[in-house]
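Participant: Have a look at this one.
The values are calculated or read from the model by the stated rules, or taken from the named source; none is laboratory data. Just so we're clear, the structure is a prediction, and the values are computed from it rather than from any experiment. Virtual Cβ from ideal backbone geometry, glycine too; neighbours counted across all protein chains shown. Each accessible area value is taken on the protein alone, full model and side chains, heavy atoms only, with ligands, DNA and RNA left out. Shrake-Rupley method; radii C 1.70, N 1.55, O 1.52, S 1.80 Å.
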Amino acid sequence: LGTNFKGNLVYYLGLRYMDYCIERFCDYLKENDLWDSTSLLFTADHGSSYTFYPVHNARVNNFHDECYHIPVLIRHPGLIPKEVNTYQYSKDIIPTFMDILGLTLSPYFKGQSMIRNNDIRKCIVHEYMGPGCPDIIQRPIWFSARDQKYVVAYKVKLFGEFDDGELCEVYDLTKDPKEYNNIVYSINKSEVSYLINEIKTRFEELKIDTHAYYQKL
């Protein structure tokens, strides 16, 4: 590897091992005449910054794209290959897979099929409980919203007031696409108010859902 190697060797070997396991599984399907009648979905619950590219101060517990840009690969017999480059949520994965399989989606699913693009999202909102054991009552939720121009990060407790939260990070993606320079203290907040409002909408929705859940208990 040489002296200039940067990264996590165990991470890279883990990728190779996973790739090998998937290959073994696909070979099994082919050897047993199941390949042409099997649909496959590969995804993850989050991305990872362990590749050390780009390198950020906090490798995992952060708002950067590499932790939320998750892989989604779907293989279905006869499906014409298509790459989806629009903003999507993880909640869109199952509706997409069911759409491909020709199954009716339950009304309880809030996601949408990626292959139809009925509602192309201009931005997306992430939510995360931060490092350690999640505690939605005592700890602030880490929200972030992003579009093609900005990333904003906001921390607020669910049972508090939204305006009492903290706008903690802002990145200008047109000038700083790798999200190195936090400009939260120098930017005019009105420039990113539309993304903050997206977070606020999700915050209020989550608060209503949580109150309803506790009332049932």
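Participant: Determine if the range 39-52 includes at least one residue that is more than 18 Å from the chain's Cα centre (by Cα), over 20 Å from ALA153 (Cβ atoms) and modelled with pLDDT of 90 or more.
Facilitator: Yes, some residue in the range 39-52 is more than 18 Å from the chain's Cα centre (by Cα), over 20 Å from ALA153 (Cβ atoms) and modelled with pLDDT of 90 or more.
Participant: Looking at the range 67-87, which of the residues that are touching a Gly at 6+ places or on another chain (Cβ under 9 Å) and free of Cβ contacts under 8 Å to residues at least 24 places away in the same chain is nearest to TRP35 (Cα to Cα)?
Facilitator: So the residue we want is HIS69.
Participant: Could you grab the pairs with beta carbons closer than 6 Å, sequence gap of 6+ or different chains, first residue in the range 12-36 and assigned to a loop (DSSP other than H, G, I, E, B), second one open to solvent by 70 Å² or more (accessible area, probe 1.4 Å) and of a type in the set (Val, Ile, Thr)?
Facilitator: Within 6 Å, no pair qualifies.
Participant: I would also like to ask the following. Kindly evaluate SER190 against the criterion of being small (Gly, Ala, Ser) and assigned to a helix (DSSP H, G or I).
Facilitator: Criteria met by SER190.
Participant: Being under 25 Å from PRO177 (Cα atoms), touching a residue at least 40 places away in the same chain (Cβ under 8 Å), surrounded by 10 or more Cβ atoms within 10 Å (Cβ to Cβ) and not charged (D, E, K, R) is the requirement here; does HIS64 meet it?
Facilitator: yes
Participant: What are the residues in the range 132-159 that are touching a residue at least 24 places away in the same chain (Cβ under 8 Å) and acidic (Asp, Glu), if any?
Facilitator: Correct list: ASP147 only.
Participant: Restricting to the range 88-131, give me the number of residues that are without any contact (Cβ under 8 Å) to a residue 40 or more places away in the chain, in contact with a Lys or Arg (Cβ under 7 Å, 6 or more places away or on another chain) and in a strand (DSSP E or B).
Facilitator: The number of residues fulfilling the criteria is 1.
Participant: Still on this structure, I have one more. Being open to solvent by less than 40 Å² (accessible area, probe 1.4 Å) and under 16 Å from HIS126 (Cβ atoms) is the filter here, so list the residues in the range 89-115 that pass it.
Facilitator: Within the range 89-115, ASP92, ILE93, GLY111 qualify.
Participant: Now for a separate question. Tally the residues that are under 20 Å from the mean Cα position of the chain (by Cα), among the aliphatic types (A, V, I, L, M) and under 30 Å from PRO81 (Cβ atoms), restricting the search to the range 99-142.
Facilitator: Of the residues in the range 99-142, 5 are under 20 Å from the mean Cα position of the chain (by Cα), among the aliphatic types (A, V, I, L, M) and under 30 Å from PRO81 (Cβ atoms).
Participant: Can you confirm whether CYS123 is at pLDDT below 95 and open to solvent by 90 Å² or more (accessible area, probe 1.4 Å)?
Facilitator: no
Participant: Output yes when any residue across the range 39-60 is closer than 22 Å to ILE124 by Cα, free of Cβ contacts under 8 Å to residues at least 40 places away in the same chain and open to solvent by 90 Å² or more (accessible area, probe 1.4 Å), and no when none is.
Facilitator: yes
Participant: Given GLU198, GLU179, which one is surrounded by 14 or more Cβ atoms within 10 Å (Cβ to Cβ), touching a residue at least 60 places away in the same chain (Cβ under 8 Å) and not in a helix (DSSP H, G or I)?
Facilitator: Selected residue: GLU179, the only one of GLU198, GLU179 that is surrounded by 14 or more Cβ atoms within 10 Å (Cβ to Cβ), touching a residue at least 60 places away in the same chain (Cβ under 8 Å) and not in a helix (DSSP H, G or I).
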